[in-house]
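J.: After the structure tokens below, expect a handful of questions from me.
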Amino acid sequence: MTDRRHFLGAGAALTTSGILGAPARANTPIRLGAVLPFSGGLELFGNQARFGIDLAVAEINAAGGVAGNKFEVIYQDDRTDPKTAVERTTQLIQRDKVLALLGPITSSNRDAMMPAVRRGRTPLLYATNYEGGGCDRYLFCFNTVPNQELEKLLPELNRRAGNSYFMVGSDYVWPQKMFEQAERLIKSSGGTVAGKEFVPFGAKEFTPVIRKIRESGAKVLLKAVPGADGITLIKQAEDFGLMKDVTVGFLGFAETYLGAFGAGKGQNMWVTVPFAASLGDDKVKDFVARVRKAAGSDVPISHYLMTHYNAVRAVAAALARAGKVDQEPLVNALEGLTLDTPTGPSVIGKADHHVTLNMYLARTEGSGLSVVQAMGQISPQAGCPR
């Protein structure tokens, strides 16, 4: 029998007593802080994160919380701005006395927040795909790093489209690091990089870049432009006719994008993701149904929603494992934790604090993702010093 303190099902009930060996004061809220973008261009991701967090908290609280203590989430808008993220983080730690933090989305905000996180000894649960290398006692990463996203995607693009690539990314650390690793993988397989462009946040006109892509003769566009900028790029590429000439490998994809491209647009773009709402697994169907009931039938359900849901569930499972509500025991209990997620067991690395994930190769079709292949569990190459 599985040790209940160690393994907590994604839909399992939390009993109101006996989970913690030494319960905290009765009816004391367990406060979590969430630093997420609800303005500044990445609201799509911030809203997905909030749906996932809210669902996990509602389910935990409906089951009685942890040892009779219910979760409470204090949201802060980081405005997609590092300075604001630091200010909000400091408030949550010093004023609101949160047990743990969730968020943010961008790597620049995460890196800016880490000194305050370390000073406050407050674990940060980061549930966004990123470039790797975030290695700290107080940082836990619940989404993909480059090898989990690239190692299966690039060979498939080579096979289906060709091995000549043009890379376009936003000008910050995640696209830069993703492209560094992608370029090594492409060249090691005999492919070529025909061009590479980094564009500033808030770019409105991509026509010069689109012309360069067409003139390069590249068969694959590897795209790492998130948020509203990425939507604009694909729309303009469609209008230019580029999508007939290249196959898109979309890094950091989420189903939230598809409705923004317009009817019949953004089709046949290839992705690797740790979740797709179209998966036929019974546990995924149940998770999707619970999201729909809580958030509405028209809400897109992406891996960002699931990974933030998983992060909250991990806090509850780790508190059960620790036997007390406190930050240092929480950190210790998160290390090596196995969590049952909607797509199956996920293990948090004891040393690197990154997660092994079930990954799926998929392509955009209609208003969602069509899963082409289940790739099984892929361990993270976190980029931490050995």
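J.: Between GLY336, GLY120, GLY264, which gets the highest mean-square fluctuation from a Gaussian network model of the chain, Cα cutoff 10 Å?
T.: Maximum among the listed residues: GLY264.
J.: Fewest Cβ neighbours within 10 Å first, please rank ARG88, ARG110 accordingly.
T.: ARG110, ARG88
J.: With respect to the cross-link table entries LYS177/LYS204; LYS283/LYS350; LYS177/LYS223, which display a Cα-Cα separation exceeding 19 Å?
T.: LYS177/LYS204; LYS283/LYS350
J.: Let me ask something else about it. Helix 107-120 versus the longest principal axis of the chain: what is the Cα-based angle in degrees, 0 to 90, to the nearest 10?
T.: Compared with the principal axis, the helix lies near 20 degrees.
J.: Kindly provide the trypsin sites (Lys or Arg not before Pro) of region 281-351 that DSSP labels as loop, not H, G, I, E or B, and whose Cβ sees at most 16 other Cβ atoms within 10 Å.
T.: Those that pass, being in a loop and sparsely packed, are LYS324, LYS350.
J.: Would you work out the charge dipole size for the chain about its Cα centre, treating the Cβ of every Lys and Arg as +1 and the Cβ of every Asp and Glu as -1, and quote it to the nearest 20 debye?
T.: For the chain, the charge dipole is close to 440 debye.
J.: Under the definition of Cα pairs under 8 Å and six or more residues apart, what whole-number percent is the relative contact order of the chain?
T.: Relative contact order comes out at 21 percent.
J.: Tabulate in residue order the Karplus-calculated ³J(HN,Hα) for region 46-62, using 6.51 cos²θ - 1.76 cosθ + 1.60 with θ = phi - 60°, rounded to whole Hz; enter x for Gly and Pro.
T.: After applying 6.51 cos²θ - 1.76 cosθ + 1.60, I find x, 5, 4, 4, 5, 4, x, 4, 4, 5, 4, 4, 4, 5, 5, 5, 5 Hz.
J.: How would you rank TYR126, TYR257, going from fewest to most other Cβ atoms within 10 Å of each one's own Cβ?
T.: Fewest to most other Cβ atoms nearby, the residues stand as TYR257, TYR126.
J.: Enumerate the lysines that LYS97 could reach by cross-link, defined here as Cα to Cα under 21 Å, with residues fewer than 8 away along the same chain left out.
T.: Partners within reach: LYS70, LYS83, LYS324.
J.: Given ALA49, TYR138, THR89, which one lies farthest toward the positive end of the charge dipole of the chain, if we put +1 on the Cβ of every Lys and Arg and -1 on the Cβ of every Asp and Glu?
T.: The residue sitting most towards the positive pole is TYR138.
J.: Next up: Which listed residue (LEU32, LEU242, MET359) has the Cα farthest towards the positive end of the charge dipole for the chain, taking +1 on Lys and Arg C-beta and -1 on Asp and Glu C-beta about the Cα centre?
T.: Farthest towards the positive pole: LEU32.
J.: To the nearest 20 debye, what charge dipole does region 76-121 have about its Cα centre, counting +1 at the Cβ of each Lys and Arg and -1 at the Cβ of each Asp and Glu?
T.: 240
J.: Can you compute the modelled spin-label distance between ASN332 and LYS244, with each label point 7 Å from Cα toward Cβ, in nm?
T.: 6.5
J.: Compute the distance in nm between two label points, each set 7 Å from the Cα along the Cα-to-Cβ direction, one at LYS285 and one at SER379.
T.: My value for the distance between the label points is 3.4 nm.
J.: Can you give me the distance in nm between label points at ALA62 and ARG159, each placed 7 Å from the Cα along the Cα-to-Cβ direction?
T.: With each label point 7 Å from Cα toward Cβ, the separation is 4.1 nm.
J.: Follow-up question, since we're still on this one. Can you compute the FRET efficiency between CYS135 and ALA294 using 1/(1 + (r/R0)^6), with r the Cβ-Cβ distance and R0 = 25 Å? Round to the nearest 0.05.
T.: 0.15
J.: Any cysteines in the chain with zero other Cys Cβ atoms under 4.7 Å from their Cβ? List them, or say none.
T.: Cysteines lacking a close Cβ partner in the chain: CYS141.
J.: Measure nothing but the geometry: give the 0 to 90° angle between the long axis through the Cα atoms of 282-295 and the longest principal axis through the Cα atoms of the chain, rounded to 10°.
T.: Long axis of 282-295 versus the principal axis of the chain: about 80 degrees.
J.: So which aspartates and glutamates pass the test for LYS285, namely a Cα distance under 19 Å, with those fewer than 8 places away in the same chain ruled out?
T.: Correct list for LYS285: ASP54, GLU59, GLU255, ASP298, ASP340, GLU365.
J.: Filter the GluC sites (Glu not before Pro) in region 198-258 down to the DSSP loop ones having no more than 15 other Cβ atoms within 10 Å, then list what survives.
T.: Sites meeting the loop and neighbour criteria: GLU205.
Bear in mind these aren't lab numbers, they're just calculated from the coordinates by the rules spelled out. All values derive from a computational prediction rather than experimental measurement. Quick reminder, even Gly has a Cβ in these numbers, built from the backbone with ideal geometry, and neighbours come from all protein chains shown.
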